[in-house]
Protein chains: 2
Amino acid sequence: MADDRLSRVFAALADPTRRDIVARLSITDATVGELAEPYDVSVQAVSKHLRVLTDAGLVSRSRDAQRRPCRLEPEVFDLMTKWIERYRVQAEERFRRLDAVLAEMDDEQRATDDRRGAAS
Amino acid sequence: MADDRLSRVFAALADPTRRDIVARLSITDATVGELAEPYDVSVQAVSKHLRVLTDAGLVSRSRDAQRRPCRLEPEVFDLMTKWIERYRVQAEERFRRLDAVLAEMDDEQRATDDRRGAAS
């Protein structure tokens, strides 16, 4: 379930026009017509992008009469950042452990060199 | 340029198998064969997923002889989190401003009610 949701959110943001719509809705709610204005595409094309964003839960549309403004639902970002952070932390810990092992090997090498130096 | 990169990263993570590969590589490097083992798909299918991940810069493959293990490149996560955080913060600030306006309207209403109460 969460898996599908996450796939839909990542897929929704894999398009520059849709990311731009999200960026604009982070400043203010807007109707489809207002959102379509700056783009060189039809209102239909923007509606299609909005459907992808609403299916992913990133955007909601109020039911109120004609205007039906679109609104950003930023909590959905949490889903992504939680996923990203989990594996980023895991990868960083792994690199830290590798660094520690390398540093230890370095120390051992230096100790061996010192012993050899003292014996010669 | 960064726009295309971001689209590729988001698209790469829009697939549960690819996210699983990233999760596994966050623990240890692995060859294509090792990565393919737990999945019910061909090595070819896994190679295809890996190509999408390497094109997005999320995974690199060492050039060393037969093994050519795959390695996670977690810095690419930064691209995404920077983008996400920017609009999350913007949206949160916006909601904070709305809350402040609503609180102010509430205070004014209360003051008006108090004046009416005192006059009656």
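B:Arg115 passes all but one of (1) of a type in the set (Lys, Arg); (2) closer than 27 Å to B:Asp4 by Cα; (3) modelled with pLDDT under 85; which number fails?
Going through the list (1) of a type in the set (Lys, Arg); (2) closer than 27 Å to B:Asp4 by Cα; (3) modelled with pLDDT under 85, B:Arg115 breaks only (2).
How many residues does the stretch A:21-52 hold that are acidic (Asp, Glu) and in contact with a Leu (Cβ under 9 Å, 6 or more places away or on another chain)? Give the steps one after another, and end with the answer.
Just the residues of the stretch A:21-52 that are acidic (Asp, Glu), to begin with: A:29, A:34, A:37, A:40.
Remaining after also requiring in contact with a Leu (Cβ under 9 Å, 6 or more places away or on another chain): A:29.
Within the stretch A:21-52, residues that are acidic (Asp, Glu) and in contact with a Leu (Cβ under 9 Å, 6 or more places away or on another chain) number 1.
For A:Ile84, state whether it is at pLDDT 90 or above, surrounded by 14 or more Cβ atoms within 10 Å (Cβ to Cβ) and under 22 Å from the mean Cα position of the chain (by Cα).
Values: at pLDDT 90 or above: yes; surrounded by 14 or more Cβ atoms within 10 Å (Cβ to Cβ): yes; under 22 Å from the mean Cα position of the chain (by Cα): yes.
It is true that A:Ile84 is at pLDDT 90 or above, surrounded by 14 or more Cβ atoms within 10 Å (Cβ to Cβ) and under 22 Å from the mean Cα position of the chain (by Cα).
Tell me which residues, restricted to the stretch A:22-38, are free of Cβ contacts under 8 Å to residues at least 40 places away in the same chain and within 24 Å of the chain's Cα centre (by Cα). Walk me through it before giving the result.
Looking only at the stretch A:22-38, we keep the residues that are free of Cβ contacts under 8 Å to residues at least 40 places away in the same chain, and these are A:23-24, A:27-28, A:31-38.
A:Ala23, A:Arg24, A:Ile27, A:Thr28, A:Leu35, listed by residue number.
For the stretch B:94-108, give me the residue count where each residue is facing chain A (nearest Cβ under 10 Å) and surrounded by fewer than 15 Cβ atoms within 10 Å (Cβ to Cβ). Spell out how you get there, then give the answer.
First, the residues of the stretch B:94-108 that are facing chain A (nearest Cβ under 10 Å): B:94-95.
Among the residues that remain, those that are also surrounded by fewer than 15 Cβ atoms within 10 Å (Cβ to Cβ) are: B:95.
Total satisfying the criteria: 1.
Among the numbered conditions (1) within 27 Å of A:Phe95 (Cα to Cα); (2) within 14 Å of chain A (Cβ to nearest Cβ), tell me where B:Ala91 comes up short.
(1)
Quick one: which residue in A:Ala56, A:Ala111 is free of Cβ contacts under 8 Å to residues at least 60 places away in the same chain, farther than 15 Å from A:Leu13 by Cβ and either surrounded by fewer than 14 Cβ atoms within 10 Å (Cβ to Cβ) or in the same structural domain as A:Arg24 (by TED's automatic domain parsing) (or both)? It would help to see each step written out before you state the result.
Values: A:Ala56 fails: farther than 15 Å from A:Leu13 by Cβ.
That would be A:Ala111, the only listed residue that is free of Cβ contacts under 8 Å to residues at least 60 places away in the same chain, farther than 15 Å from A:Leu13 by Cβ and either surrounded by fewer than 14 Cβ atoms within 10 Å (Cβ to Cβ) or in the same structural domain as A:Arg24 (by TED's automatic domain parsing) (or both).
Can you list the helices (runs of 4 or more DSSP H) found entirely within the stretch A:1-42 that contain at least 3 residues being small (Gly, Ala, Ser), within 11 Å of chain B (Cβ to nearest Cβ) and farther than 20 Å from B:Val89 by Cα? Break it down into steps so the answer makes sense when it comes.
On the way: elements: A:2-12, A:16-25, A:32-36.
Answer list for the stretch A:1-42: A:2-12.
Suppose we filter the stretch B:60-81 for residues that are over 15 Å from the mean Cα position of the chain (by Cα) and within 11 Å of another protein chain (Cβ to nearest Cβ); how many remain? I'd like the intermediate steps shown before the answer.
As a first pass, look at the stretch B:60-81 and keep what is over 15 Å from the mean Cα position of the chain (by Cα): B:60-72.
Cutting the leftovers down to within 11 Å of another protein chain (Cβ to nearest Cβ) gives us B:71-72.
Total satisfying the criteria: 2.
The values are calculated or read from the model by the stated rules, or taken from the named source; none is laboratory data. Please read all numbers here as calculations on a predicted model, not as lab measurements. When we count neighbours, we look across all protein chains shown, and the Cβ atoms used for this are built from the backbone with ideal geometry, even at glycine.
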